[in-house]
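Notes follow the structure.
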Amino acid sequence: MTVSAVIPGSFDPVTLGHLDIIGRVASQFDRVVVAVLENPRKDGLFTVEERLELLRTETASHGNVEVDRFQGLLVDFCAAHDVDVIVKGLRAVSDFEYELQMAQMNQRMGEVETLFLSTNPEHSYLSSSLIKEIARWGGPLTGTVTPAVEAALRSKYGSTDEADGG
Ligand code: PNS
């Protein structure tokens, strides 16, 4: 029996924290689907296509990871894609309250379980929002995103400035 997990998120853009979780989940499950939310109410910095492309590039080394997009409810995506469990990374206690609420609601709506993985402490302070803020002002991004994601961020903000020296 194949056990499949979904890692949902906005991934605007994917960070090293996300990639750490994806790699660790890929080593525990037969199949992993990274699902990018298409949110019609919220424009991201990156288009959904750009996020998918960056994710596909950065997860290409994992043979059991697929990257997909979804609209609407995550439980409907799980049902349509034969996903057994939702996996979320928890960075801090502050993440927990909302994540618990969503996990319980998803359990109730779709009978899909959510498993939480603690984020590697090296990445526990990372968030896509903070990274965009730093990139916007040309700040250093070393240790937060991959070189390809950094290049994409620098190009979005119209800067070729290697502010962090690499
Ligand atoms: O990276 P994010 O923005 O924190 O991810 C949030 C996400 C995509 C996991 C969450 O917003 C979600 O699952 N949205 C899909 C809509 C849905 O199913 N809502 C009900 C949750 S109980």
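For the range 79-127, a residue qualifies if it is part of a helix (DSSP H, G or I) and of a type in the set (Asp, Glu), and the qualifying residues are ASP95, GLU97, GLU99, GLU122. Exactly one residue out of GLU99, GLU122, GLU111, GLU58 is within 20 Å of LEU37 (Cβ to Cβ), out of contact with any strand residue (DSSP E or B) (no Cβ under 8 Å at 6 or more places or on another chain) and of a type in the set (D, E, K, R), and it is GLU58.
Exactly one residue among ALA151, ALA135 is buried (at least 18 other Cβ atoms within 10 Å of the Cβ), of a type in the set (Gly, Ala, Ser), at pLDDT 95 or above and away from the ligand (no atom under 13 Å from the Cβ), and that residue is ALA135. Residue count for the range 27-47 under the criterion of being closer than 27 Å to ARG136 by Cβ and of a type in the set (Phe, Trp, Tyr): the result is 1.
Annotation note: Cβ proximity below 9 Å between a residue of the range 96-108 that is within 12 Å of LEU74 (Cα to Cα) and a residue that is near the ligand (Cβ under 8 Å from one of its atoms) and modelled with pLDDT under 95 (sequence gap 6+ or interchain) occurs for no pair. For the range 67-84, a tally of residues being surrounded by 13 or more Cβ atoms within 10 Å (Cβ to Cβ) and in contact with a Ser or Thr (Cβ under 7 Å, 6 or more places away or on another chain) returns 3. From the list PRO40, PRO13, PRO8, the lone residue that is at pLDDT below 95 and within 12 Å of the ligand (Cβ to nearest atom) is PRO40.
Residues in the range 15-36 that are charged (D, E, K, R) and outside any helix (DSSP H, G or I) were compared, and the one that is surrounded by the fewest Cβ atoms within 10 Å (Cβ to Cβ) is ASP30. Flag: GLU58 matches the condition of being in contact with a helix residue (DSSP H, G or I) (Cβ under 7 Å, 6 or more places away or on another chain), more than 14 Å from the ligand (Cβ to nearest atom) and in a helix (DSSP H, G or I).
When ASP68, ASP76 are checked against the criterion of being within 16 Å of the chain's Cα centre (by Cα) and either closer than 21 Å to LYS156 by Cα or not hydroxyl-bearing (Ser, Thr, Tyr) (or both), a single residue qualifies: ASP68.
The values are calculated or read from the model by the stated rules, or taken from the named source; none is laboratory data. Everything numeric in this text was worked out from a predicted model, so none of it was measured. We place every Cβ from the backbone using ideal geometry, glycine too, and count neighbours over all the protein chains shown.
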